[in-house]
Amino acid sequence: MPLITSKEMFKKAYEGKYAIGAFNVNNMEIIQGIVDAAKEEQAPLILQVSAGARKYANATYLRKMVDAAVIDSNLPICLHLDHGDTFELCKDCIDNGFTSVMIDGSHHPFEKNIELAKKVADYAHERGVVVEAELGRLAGIEDAVNVSAEDASYTRPEEVEEFVTKTGVDSLAIAIGTSHGAYKFKPGQKPQLKFDILEEVERRLPNFPIVLHGASSVPQQFVKIINENGGKMPDAIGIPEEMLRQAASMAVCKINIDSDLRLACTAAIRKHFNEHPEHFDPRQYLGDARANIKEIVRHKLVNVLGCNGKAAEIIAAVEKNA
Ligand code: G3H
Ligand code: 13P
Ligand code: ZN
């Protein structure tokens with residue numbers, strides 16, 4: 001099956017109280033690790049590309065590797081632009097085969113965010129592409145821009161109906177206490193998410209798919225391996241998995257995960273070099289990285305997102321509506 005939008009994925013995920021994993025891709029090993037796990041678990045996938053990923057890997061290479069993933073896996077896969085910050089970037093992705101884009105105007109004033117999101121949604125919808133936008137602002141690191149805790153702000157539920165109605169976007173990312181990167185809470189701070197905000201958003205936007213960014217769990221086994229093998233990541237901490245499971249059972253249909261894949265990759269490579277100082281063939285250590293990414297993705301699909309085994313129902317829904 002060709003690349004699909006997230007429309008049917010979100011419908012099924014909402015009804016079935018699970019979430020689709022949106023994994024960031026930057027190179028071949030990351031793509032293969034994710035897709036191999038999804039193949040074994042027969043899970044739908046959102047593969048997402050940031051502006052930084054395009055700059056690093058070249059937009060054409062990434063696009064073609066995602067095409068390869070579709071051919072190789074036969075899974076329902078959506079190709080999504082993560083954190084598009086301009087109309088031009090979104091347009092470029094839409095014109096080049098992405099099936100979903102995020103226009104992230106969350107740093108703009110409300111009216112400007114609406115104006116930008118509507119412009120992207122109008123352009124995208126004419127071409128069969130879906131759009132995610134964001135209200136509220138997450139803390140953490142995005143494409144080398146560090147949003148401080150002071151600049152971060154929770155989503156205001158009283159704004160969501162007006163925003164969605166005026167823009168026509170297909171899904172909405174909200175800020176309820178998650179953040180980008182590997183340091184999501186201060187040492188000693190109890191991890192907490194504002195489920196009351198999510199509940200209120202759900203009440204105001206029934207059946208509307210909500211997106212959670214900054215949703216890595218920062219597995220402590222990887223942090224330990226990194227620190228025991230020459231790394232220095234003290235106090236790296238993520239979102240507890242049970243909170244993500246709770247979000248997935250509510251209106252959250254898309255859960256964004258990038259940092260956990262970076263940690264899986266780095267832990268495997270650091271360990272490999274420590275254990276095999278004589279190795280210099282990238283296939284040896286990148287092979288370990290790919291295998292570790294596969295295992296963490298498989299864990300997420302089964303134990304956090306609950307989307308394992310859901311590929312078939314999404315394919316059936318897409319084919320029925322074709
Ligand atoms: O939200 C940010 C994602 O983790 C992408 O990160 O902009 O460094 O590629 P990046
Ligand atoms: P993490 O840094 O928690 O993996 O978040 C990724 C993300 O939100 C990508 O848009
Ligand atoms: Zn994000």
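Think of the chain as a dipole: +1 on every Lys or Arg Cβ, -1 on every Asp or Glu Cβ, centred on the Cα centre; then among Ile255, Ala22, Ile225, Ile225 lies furthest on the positive end. For region 228-235, putting each phi into the Karplus relation 6.51 cos²θ - 1.76 cosθ + 1.60 with θ = phi - 60° gives couplings of 7, 10, x, x, 9, 10, x, 6 Hz, in residue order, rounded to whole numbers and with x for Gly and Pro.
Where both bridge residues fall in the chain, DSSP classifies roughly 10% of the beta bridges as antiparallel.
Each residue of region 104-117 was assigned a 3J(HN,Hα) from its phi angle through the Karplus expression (A = 6.51, B = -1.76, C = 1.60, θ = phi - 60°), giving 9, x, 5, 8, 8, x, 3, 5, 5, 4, 4, 4, 5, 5 Hz with x at Gly and Pro. Amide H contacts under 5 Å for Ala182: none, restricted to partners 5 or more places along the chain or on a different chain, H placed in the peptide plane at 1.01 Å from N.
Annotation for region 243-322: chymotrypsin sites (Phe, Trp or Tyr not before Pro) lying in DSSP loop with at most 13 further Cβ atoms inside 10 Å of their Cβ are Phe280.
In a simple Cβ point-charge model (Lys, Arg +1; Asp, Glu -1; nothing else charged), region 21-84 has a dipole of about 340 debye relative to its Cα centre. Here is the size of the chain from its Cα atoms: Rg then Dmax, 18.7, 60 Å.
The phi-based Karplus calculation (6.51 cos²θ - 1.76 cosθ + 1.60; θ = phi - 60°) puts the 3J(HN,Hα) values of region 167-174 at 8, x, 5, 9, 8, 9, 7, 10 Hz, whole numbers, x for Gly and Pro. Prolate is the label for region 104-240. Its Cα gyration tensor axes, ordered a ≥ b ≥ c, give a/c of at least 1.5 and a/b above b/c. In a DSSP loop and with at most 11 other Cβ atoms within 10 Å, the GluC sites (Glu not before Pro) in region 42-151 are Glu150. In this rough spin-label picture, where each label sits 7 Å from Cα along the Cβ direction, the Glu200-Tyr61 distance is 4.6 nm. Distance check, please: which entries in Lys184/Lys254; Lys55/Lys310; Lys17/Lys320 exceed 29 angstrom between their Cα atoms? Over 29 Å Cα-Cα: Lys55/Lys310.
Which FRET efficiency, nearest 0.05, do His125 and Asp235 yield, Cβ-Cβ r, R0 35 Å? Step by step, r from the Cβ atoms, then E = 0.20. Amide H contacts of Cys78: Ile4, Leu45, Ile46, Leu47, each under 5 Å away and 5 or more positions distant or on a separate chain (H built 1.01 Å from N in the peptide plane; Pro and chain starts excluded). Which GluC sites (Glu not before Pro) from region 275-307 combine a DSSP loop assignment with at most 14 other Cβ atoms within 10 Å? Of the GluC sites (Glu not before Pro), the ones in loops of region 275-307 whose Cβ has at most 14 other Cβ atoms within 10 Å are Glu278.
No lab work stands behind these numbers, since they all come straight from the coordinates. Not measured: the values here are computed from a predicted model. Cβ: placed from backbone, ideal geometry, glycine included. Neighbour counts: every protein chain shown.
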